[in-house]
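*Asks:* So that we are looking at the same thing, I have put the structure below in structure tokens.
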């Protein structure tokens, strides 16, 4: 792992116990700690292995189609009249989102561990599609746990998952959304230690957040090189949506020690910050434990986890990655929100101006990033991570969201 600098201190987290400051760790039963420690041992052996790296780079290039484009959104820039707006086009990856970066890496790890079954959770369905895709590629069985509410809103991705040969297992407990899918998927993993739990974001007990981050950081590494080629400088701002936070941390990680580059996390403000219908874990949460790790999490005065909300299924999560919680606490990360209404407006705007239909999750970053651009000078540059494409959201937007009331 590359050392980084924040205020002349080496940034080399997590520590050996899986902590990012006060966040992270392993808050799970002993039998699961043993399994996780074995995953970490194999991963640390493989991550610097030349043949493993060669295989991973080959998959990035020839299967995912990396590097993804860094696109100058000329018409969007002109409309807002301020900073240049670039879009990191993760929507052009195979399967249509950044999720595949992590999935090919973890599937390779599972293959080297001799695993034959992949277990995963999914919210918006993009991670489920990516896991089902790599399961087909590596000839593995696959079980995808998905909240019943998300199954209804993301029918297209459910069809894709089934077409790829995986089982979609509906989760009806709780809100029947992403949090509940993670609960049930973790339980299934504990019942079947011969399977490999391919988690979809930078969440969960150590070493899972570190592993996902390491497979996603290719996004920021590419942006750094592409920006020098396009503008002969680093960007002034990086903007990404945050649910669990893998696309954001993937964009931010290689810039953590570049203090002149501002890192902006856009959380789902849902129906509004003053309502109880949002997913503002970084902005309004408090340190607590969820799904086996410590992070900022939405909770009441008694420490009970509150329900989150977002029209974007992939952002509907009451917690957030421990590393993002740590970066916020250190002052390195700026945290803002965007509402459902603002996200839908951003989807329609990018579609009509640039001919690009973004995912509802990515549209949160677009909503804030364009607003920010209008306040900056024309010499400044913003990179917005377009983490996924919007095919999956078209029906939901037009049937349920486009005419939403204030």
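Read the figures in this text as sums done on the coordinates, not as results from a lab. Note that the coordinates shown come from a computational prediction; the quantities given were computed from them, not determined experimentally. Here Cβ is always computed from backbone atoms with ideal geometry, including for glycine, and neighbour counts include all displayed protein chains.
*Asks:* Consider a paramagnetic label point 7 Å from the Cα of residue 58 along Cα→Cβ; state which residues of segment 98-125 have an amide N under 15 Å from it.
*Replies:* It comes to 105, 108-109, 112, nothing else.
*Asks:* Something else: Calculate the spin-label point distance for residue 225 paired with residue 286, positioning each point 7 Å from the Cα along the beta-carbon direction, and give it in nanometres.
*Replies:* Distance between label points: 4.6 nm.
*Asks:* Oh, and also: Give the separation of the Cα centroids, segment 261-275 to segment 37-65, in Å.
*Replies:* A separation of 34 Å, based on Cα centres.
*Asks:* Moving on. Pick from 104, 336, 239 the residue whose mean-square fluctuation is largest in a GNM of the chain, springs joining Cα atoms under 10 Å.
*Replies:* Judging by the Gaussian network model, the answer is 336.
*Asks:* Fully extended, how many nm does the chain gain between residue 138 and residue 69 (0.36 nm per residue separation, minus their Cα-Cα distance)?
*Replies:* Result for the pair: 22.2 nm of gain on full extension.
*Asks:* Contour minus end-to-end for residue 351 and residue 394, with contour as 0.36 nm per residue of separation and end-to-end as the Cα-Cα distance?
*Replies:* 14.4 nm
*Asks:* What spacing in nm lies between the two simple spin-label points modelled at residue 300 and residue 45, each 7 Å away from Cα in the Cβ direction?
*Replies:* Calculated label separation equals 4.8 nm.
*Asks:* Further, regarding this structure: So if R0 is 22 Å, what FRET efficiency would residue 232 and residue 377 give, r being the distance between their Cβ atoms, rounded to the nearest 0.05?
*Replies:* Calculated transfer efficiency: 0.85.
*Asks:* Given a cut-off of under 8 Å on Cα pairs at least six residues apart, what relative contact order in percent is computed for the chain?
*Replies:* 20 percent
*Asks:* Right, another one. Cut-off 10 angstrom, C-alpha nodes, Gaussian network model of the chain. Which of 152, 217, 99 fluctuates the most?
*Replies:* Taking springs between Cα atoms under 10 Å, the residue moving most is 152.
*Asks:* If you build a Gaussian network model of the chain, linking Cα atoms that sit under 10 Å apart, which residue out of 197, 159, 368 swings the most?
*Replies:* 159
*Asks:* Working out 0.36 nm times the residue gap between residue 78 and residue 38, then minus their Cα-Cα distance, what length gain in nm do you get to one decimal?
*Replies:* Extending this stretch completely gives an extra 9.2 nm.
*Asks:* Using all Cα-Cα distances in the chain, what percent lands in each 20 angstrom bin from 0 up to the longest?
*Replies:* In whole percents, the pair-distance histogram is 30, 62, 8.
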